[in-house]
Amino acid sequence: MNSLFWFRRDLRLFSNEALIEALNNGAKHAIFFVCEKQWAQHNTAAIQIDLLKRRVSYIREKLAKYGVNLHVIDAPFFADCQTKLLDFCQQHDIKHIIANTEYELNEFNRDKAIQAQCDQQQITFTLYEGDIIAPVGSVRTQNNEMYKVFTPFKRAWLKQYQDTHFSLLQWPISEEPIEIEQCELLSGDESSIKWPVDDDTLSTVVDNFIHDKLASYDDVRDIPSVKGTSGLSPYLALGVVSSKQLMVNIQQHYPDILTTSKSKTFTWVNELIWREFYKHLIAEFPKLSRGANFNEKYDSVSWRDSDAEFKQWCEGRTGYPLVDAAMQQLLQTGWMHNRLRMVVASFLTKHLLIDWRKGEQFFMQHLIDGDLASNNGGWQWAASTGCDAQPYFRVFNPITQSERFDPNGDFIRKYLPELQKVPDKHIHFPHTYLAATGQSEHCYWPAIVDHKAARARALAAFKV
Ligand code: FAD
């Protein structure tokens with residue numbers, strides 16, 4: 001039976017079990033749809049599309065060496081994939097399509113429609129769950145419900161996997177090169193060029209992180225001026241690497257990692273489980289893909305409608321240096337440190353009382369690692385409308401966050417060179433210093449809100 005592998009956000013070869021299954025079934029063709037209009041509707045950042053196209057080009061060439069032809073086809077919207085996929089199957093006498101599940105609502109509906117068409121045409125459509133370790137629906141409460149808080153989800157996740165020693169399937173085919181044509185659809189704008197896409201470099205990045213940095217991750221992961229996190233999120237978001245593959249690598253160095261959840265080295269695995277948690281949530285609650293509050297209690301919050309203040313936040317002109325430097329990091333690099341994502345998201349939703357959906361959308365439009373599940377989860381967590389054990393009155397103070405996590409102002413100075421000469425003790429809120437030295441008007445933005453007053457306003461608004 002002729003098989004076809006359909007690549008989506010699972011752009012990996014050797015650790016892609018669904019792909020390996022297709023190759024075991026003799027697949028000689030794979031397919032990838034360039035869905036520019038759908039991506040625009042999903043607010044996918046240009047830098048992420050560029051990374052995606054570079055990676056597709058890379059795996060296309062790699063697969064050709066193994067005699068597999070990866071066809072790249074234009075399908076502006078998901079709805080176009082359906083006809084194009086079935087036409088392709090007819091032309092190549094394909095009777096089995098294999099892919100990895102995607103959990104977001106539009107992706108789910110696309111696959112549901114395709115499944116119905118396949119049933120009619122006697123084509124088998126098989127979906128694997130390669131993006132996460134625990135399949136959706138497998139980590140449940142005793143009442144068979146999805147956990148609504150992370151910690152019990154994590155405990156149940158760990159119980160399920162504590163004795164597992166992860167391994168990957170063997171790559172099943174040997175080299176047998178074929179010629180492939182150039183593909184115009186894959187030309188991008190090179191904005192992601194700083195992010196390597198070849199497997200050799202990536203496996204060095206992963207190995208170096210696990211070998212050299214995992215042990216200190218817990219100590220430095222909140223310091224944005226230190227490169228203490230893995231930087232793997234763009235690759236996880238596009239499925240270039242998988243959590244399972246990372247677990248295999250971690251267990252090579254730390255075989256007991258899953259039974260030592262109180263150890264410092266476990267902290268990073270904890271983050272991978274957060275990722276799983278958000279994937280499970282997005283699959284379980286389709287309303288999250290539609291922009292609804294997770295917690296309906298907050299549907300009545302009156303968000304402020306200030307385009308001017310939203311613009312100031314987007315452009316890093318709030319007058320709070322850590323917030324502004326963080327937004328500059330996003331605008332200049334397409335990535336933002338996790339601590340700063342929490343700070344700027346809290347600032348937008350609490351200090352400015354602007355709807356989290358606006359921030360969520362802006363992040364998607366700029367992040368190289370944009371991922372609906374994690375982004376939505378992160379924004380709703382910060383806005384207190386999501387799955388969170390903490391009550392709504394957690395409002396990050398951007399000045400004390402700055403003092404704690406950027407004590408010498410190294411990060412601030414990197415992205416706000418105009419504050420280069422401000423002494424350390426004034427860097428976190430330099431307005432008094434700047435005024436006293438006669439520089440304020442030329443040098444830096446006035447504070448958009450007063451912290452105390454903004455906090456009080458947010459608490460009153462959420463009290464509803
Ligand atoms: P590391 O610290 O090395 O963590 C390893 C991996 O674990 C990450 O690559 C990521 O896949 C996962 N991870 C880490 N922290 C989280 C978390 N809090 N939630 C879910 N997964 C996590 N992450 C995205 O991948 N895409 C997004 O669009 C996204 N938007 C966010 C928006 C907000 C408001 C917040 C607060 C967080 C968001 N995150 C998002 C989570 C987190 O900020 C990033 O995953 C992390 O900064 C990526 O850097 P890293 O790869 O160096 O992470």
Translational diffusion coefficient of the range 248-329 at 20 °C, 1.002 mPa s, Stokes-Einstein with Kirkwood Rh over Cα pairs, in µm²/s as a whole number.
126
May I ask you to order 232-240, 262-270 by the average number of other C-beta atoms within 10 Å around their residues, highest value first?
232-240, 262-270
Give me, ordered by chain and number, the residues 5 or more places off V34 or on other chains with an amide H under 5 Å from its own placed amide H.
I73, D74, A75
Going by amide H atoms built from the backbone, whose H comes under 5 Å of the H on L4, apart from near neighbours?
H96, I97, I98
If you roll a 1.4 angstrom probe over the protein chains with everything in place, what fraction of the accessible area of the chain belongs to carbon and sulfur, to the nearest %?
49
The range 248-259 - phi-based ³J(HN,Hα) in whole Hz, Karplus 6.51/-1.76/1.60, Gly and Pro as x
4, 5, 5, 5, 5, 8, 10, x, 9, 3, 7, 9
Suppose only helical runs count, i.e. DSSP H with n ≥ 4. What mean residue ellipticity at 222 nm does that imply for the chain under -39500 (n - 2.57) per run, divided by all residues and rounded to the nearest 500 deg cm²/dmol?
-14000 deg cm²/dmol
In Å and on Cα atoms, what radius of gyration and Dmax does the range 37-113 show?
13.9, 36
Longer than 27 Å from Cα to Cα, which of K213/K350; K37/K95; K244/K350; K425/K452; K62/K279; K148/K358 are they? Say none if no pair is.
K213/K350; K37/K95; K244/K350; K62/K279
Given S174, Q117, S138, which one lies farthest toward the positive end of the charge dipole of the chain, if we put +1 on the Cβ of every Lys and Arg and -1 on the Cβ of every Asp and Glu?
S138
In degrees between 0 and 90, to the nearest 10, how far off the longest principal axis of the chain does helix 321-333 point, with axes built from Cα atoms?
30
Please give, to one decimal in nm, the separation of the simple spin-label points placed at N270 and Q170, each 7 Å out from Cα toward the Cβ.
4.0
Neighbour net charge for A113 - beta-carbon separation under 12 angstrom, K R +1, D E -1
-2
With 30 Å as the cut-off, how large is the P(r) tail for the chain, expressed as percent of Cα-Cα pairs?
49
From most to least accessible, 1.4 Å probe, no ligand or DNA/RNA atoms counted, T124, T141 line up as T124, T141
Could you go through the range 16-29 in sequence order and give the Karplus-derived ³J(HN,Hα) for each residue, using 6.51 cos²θ - 1.76 cosθ + 1.60 with θ = phi - 60°, rounded to whole Hz, and x for Gly and Pro?
9, 5, 5, 4, 4, 4, 4, 5, 4, 8, x, 4, 10, 10
With the cut-off at 1.5 for a/c, could you classify the range 1-157 from its C-alpha gyration tensor as rounded, prolate or oblate?
prolate
Measure out, as a whole number of angstrom, how far apart the alpha-carbon centroids of the range 27-97 and the range 359-429 sit.
36
Whole-Hz couplings from phi, Karplus 6.51/-1.76/1.60, listed for the range 437-450; x for Gly and Pro
9, x, 10, 3, 5, 8, 8, 8, 6, x, 5, 5, 9, 8
With charges set only on the Cβ (+1 for Lys and Arg, -1 for Asp and Glu), what does the dipole of the range 136-268 come to about its Cα centre, in debye to the nearest 20?
1320
Taking only protein heavy atoms and a 1.4 Å probe, what accessible area per residue, in Å², does the chain have with all protein chains in place?
44
Please say if the range 1-63 is rounded, prolate or oblate, where rounded means a/c under 1.5 for a ≥ b ≥ c the square roots of the C-alpha gyration tensor eigenvalues, and otherwise the choice is prolate for a/b larger than b/c and oblate otherwise?
prolate
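The values are calculated or read from the model by the stated rules, or taken from the named source; none is laboratory data. Keep in mind the model is a prediction, meaning the values are calculated, not measured. Using ideal geometry, Cβ is built from the backbone for each residue, glycine included, and neighbour counts are taken over all protein chains shown. Just so you know, the surface numbers come from the protein's heavy atoms only, side chains and all, with ligands and any DNA or RNA stripped out. Shrake-Rupley method; radii C 1.70, N 1.55, O 1.52, S 1.80 Å.
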